[in-house]
Every structure is written in C-alpha cells, then in structure tokens.
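So the structure is just underneath, and the comments pick up after that.
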Amino acid sequence: MQEQIDKRISQEQISKKANCDILTVRKYIKKYNIEVCYRKKDWLYEQYWKNELSLSEIGKLVNCDRTVISRWMKRNNLRVRSHSERTMGSKNGNYGNKWSDEQKRIRGERTSKIMKDPEIRYKCGSANRGKKFSKELIEKMHKHRPAESYSHTYSEETRNLIGKLSKEKFTDEYNKRIRSLMEERGWWIPLEEKADFSIYYQKANWVEKMFNRCNKEEESLLKEYGVFNPFTNNIGVVRDHMYSRRSGFKEKVFPKILRHPENCSLILNTENISKISRIKNNNTQHRSSNGQFYQDTNSVSREELFNLIKNYRKEWKEQEECLELIKKYEEGKRWIR
C-alpha cells in the first residue's frame with residue numbers, strides 16, 4: 001500500500017483495486033502508520049508556499065480533493081493565502097484585460113440602476129459606518145508605503161494633456177448637467193437658494209493644486225512648513241488670492257480671472273489670517289461666518305493683476321479665456337449672476 005500511495009494513487013483508486021471499502025483502506029493506513037505526503041507539514045508548506053501551488057493544484061498532484069488538502073493545512077496550523085494574495089497581479093483571472101467602452105457603459109448603467117435603491121446604498125456603506133480606525137490599524141495600513149508613493153510628479157507634456165482633456169470635458173453644458181443631477185439628488189444646494197457671494201466665492205476657487213507652480217521662495221517655504229491642515233499642521237502653507245475674492249466680487253470682476261496662477265501666492269496660514277483687517281463698526285457689507293465684520297487686504301491691485309495675466313507666458317488651460325474676460329471687463333462689462 002505504501003508503494004501505491006508513493007505513486008500518488010488515491011485511496012479511492014486503491015479501494016477499487018483491492019475490491020474493498022475506502023474506510024478499510026484508511027483503517028490500514030492508520031494501523032500501519034503508512035506515510036501520506038499531504039499529511040506532512042513540511043511537504044505541504046513546500047508545495048503551497050515555496051512552489052506557490054493552490055489547494056486545488058496540490059489536490060490534483062496527489063489525486064484528492066482540495067477540501068482534503070485544506071483540512072490538513074488546518075491540522076498542521078499552516079496559514080492559507082488571503083483572497084487578495086490569491087488574486088494579486090498576474091494571479092488574477094482578469095490580469096492584463098481591459099474593459100471596452102461598451103462594457104464600461106453597461107456596467108455603469110447597471111450600477112446606477114442598483115444604487116437608486118436607498119436600502120442598497122445604505123448597505124454599501126455599512127462595513128465601516130460609525131467606526132473609527134485605531135492608530136495601530138492606520139499605521140499597519142500605511143507603514144509599508146514610502147511618503148513618495150502618495151504623490152505623483154507629472155511631466156509638462158502630461159500636465160498639458162490633462163489640461164486639454166479637462167477643457168474638452170468640463171464644458172458649460174457638462175457643468176449644467178452635473179449641477180442639475182446633484183440638485184435633483186439633494187446633494188447640492190440649488191443655485192437660486194444660494195447667496196450671490198457664495199456662488200462667486202466658489203467660481204473663483206482654485207481649479208488646480210497650484211503647489212507645482214510655486215517659485216523658489218515658495219518652494220522653500222513649502223518644504224519647511226508643509227501644506228496646511230486644520231488638524232495636523234495648522235501653521236502650514238496655504239494658497240492665497242493676492243487680489244481677494246471679496247474685492248473681486250465687490251468690483252464685479254469675472255471670477256475665472258481670480259483663479260489664474262498669477263493671482264496665487266503660497267503663504268503661511270498665520271500670515272493669511274493676519275491679512276484680514278477686522279473692523280469694529282458695522283459700516284461694511286461683509287460679515288464672517290462667526291458674525292465678525294472684516295475686509296481683506298490685497299497684495300496686488302486689480303490693474304496689476306490684469307497686467308500680470310496679460311504678460312503670463314507659461315502654460316495655463318484658461319489663459320485665452322482669462323485674456324478675453326479681461327478685455328470684456330475693460331470694455332465695461334461686469335460679472336452678473
């Protein structure tokens with residue numbers, strides 16, 4: 001019997017050859033301490049971890065079912081690969097495959113249809129709802145990754161391509177369609193319910209991170225203090241509108257002009273706060289969120305900003321539009337809601 005087992009003949013096949021029940025075969029294996037390779041810890045470890053065979057592949061090797069191999073892995077206290085380990089990289093059945101545009105469209109339609117059900121949407125977020133990750137878990141999730149892996153440096157060519165594609169995608173028609181969808185779902189406040197300054201403030205906000213467009217002095221500041229974060233770095237660097245959005249709103253300057261790179265300056269958050277001159281009386285029309293009255297001080301005047309943009313020679317996806325808007329402003333046209 002030992003000879004037949006060494007030849008990888010299964011217990012079922014042995015029972016058929018001997019014209020006996022499979023239980024009888026197992027009884028004699030146990031009685032005479034006949035060695036079965038897949039019961040040995042060292043052999044299982046070598047096949048599974050060193051040779052990287054699956055449970056099914058090991059089962060085929062010794063003519064038995066994968067459940068038998070799984071059972072002996074547990075008895076020998078051998079860890080089984082997780083789902084992510086089993087399907088990582090080239091081990092994944094879809095590795096190297098790409099979805100066609102038609103497949104993407106069909107999947108998108110199916111997902112949209114399914115996610116209209118509030119109950120399903122709620123279930124999708126139930127795994128971590130109300131939970132807070134511990135510091136130990138966060139460290140475990142990120143300790144294997146270097147800081148550089150969280151950021152990407154794009155070439156000038158790639159940035160230009162991104163700008164071109166973004167300009168083609170985010171048309172006025174596209175933006176109107178997205179707003180209509182978000183308002184319909186209740187995720188965005190309808191425009192007619194928003195204050196004029198709130199709309200202007202949003203439209204004049206930066207459309208890029210801008211940190212990759214800083215000068216040497218700003219780059220040095222960024223390296224020393226890092227980016228501002230209200231929870232972890234409250235003295236860090238922030239992006240500042242040199243000609244403020246409030247001034248732009250007051251003078252009805254087109255908001256797209258204010259988000260031009262020439263209007264962006266990187267300064268410390270403490271410096272940004274000190275720029276705000278608080279006014280004790282309430283003769284101004286501007287009130288902050290905490291009820292205090294204030295006005296912004298500008299680093300450049302409107303005319304200076306216009307000249308800076310006119311003389312701008314670097315790549316900017318909205319450069320031509322900004323020049324056209326400046327021309328309209330100088331002709332007497334103003335921003336209206």
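Here is how the numbers come out for the structure above:
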{"read-out": "Within a Gaussian network of the chain (alpha carbon springs, distance under 10 Å), most fluctuating of Glu321, Glu46, Glu168", "value": "Glu46"}
{"read-out": "Within region 77-101, backbone nitrogen closer than 19 Å to the virtual label 7 Å beyond the Cα of Tyr45 toward Cβ", "value": "77-82"}
{"read-out": "Å³ per residue enclosed by the Cα convex hull of region 154-193", "value": "89 Å³"}
{"read-out": "Per principal axis, descending, Cα span of region 71-153 in whole Å", "value": "46, 41, 33"}
{"read-out": "Order of Thr153, Thr87 - criterion: other Cβ atoms within 10 Å of each residue's Cβ, fewest first", "value": "Thr153, Thr87"}
{"read-out": "Virtual spin-label span in nm between Thr24 and Ser301, 7 Å along Cα→Cβ", "value": "10.9 nm"}
{"read-out": "Mean shadow area of region 138-268, taken as a quarter of the surface of its Cα convex hull (nm²)", "value": "11.3 nm²"}
{"read-out": "Cleavage-rule hits, GluC sites (Glu not before Pro), region 174-276, DSSP coil, Cβ neighbours within 10 Å at most 16", "value": "Glu251"}
{"read-out": "Cα gyration tensor of the chain - equivalent ellipsoid semi-axes, whole Å, descending", "value": "67, 24, 21"}
{"read-out": "Degrees between helix 101-114 axis and first principal axis of the chain (Cα, 0 to 90, nearest 10)", "value": "90 degrees"}
{"read-out": "Beta bridge orientation in the chain: antiparallel %, DSSP, nearest 5", "value": "90 percent"}
{"read-out": "Cα-based equivalent ellipsoid, region 127-213: semi-axes from gyration tensor eigenvalues, Å", "value": "32, 25, 13"}
{"read-out": "Charge dipole magnitude, Cβ of K and R +1, D and E -1 - the chain, Cα centre, debye nearest 20", "value": "1760 debye"}
{"read-out": "Tensor-based shape of region 48-112 (alpha-carbon gyration tensor, a/c under 1.5 rounded, otherwise prolate or oblate)", "value": "prolate"}
{"read-out": "Charge-dipole axis of the chain as Lys and Arg at +1 and Asp and Glu at -1 on Cβ define it, positive-most pick from Met73, Pro146, Trp99", "value": "Met73"}
{"read-out": "Order of Trp187, Trp43, Trp335, Trp206 - criterion: other Cβ atoms within 10 Å of each residue's Cβ, fewest first", "value": "Trp187, Trp206, Trp43, Trp335"}
{"read-out": "Region 135-202 versus region 221-243: alpha-carbon centroid distance in Å", "value": "20 Å"}
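No lab work stands behind these numbers, since they all come straight from the coordinates. In this text the structure is predicted, and so the values were computed from the model without any measurement. Cβ atoms come from the backbone with ideal geometry, glycine included; neighbour counts cover every protein chain shown.
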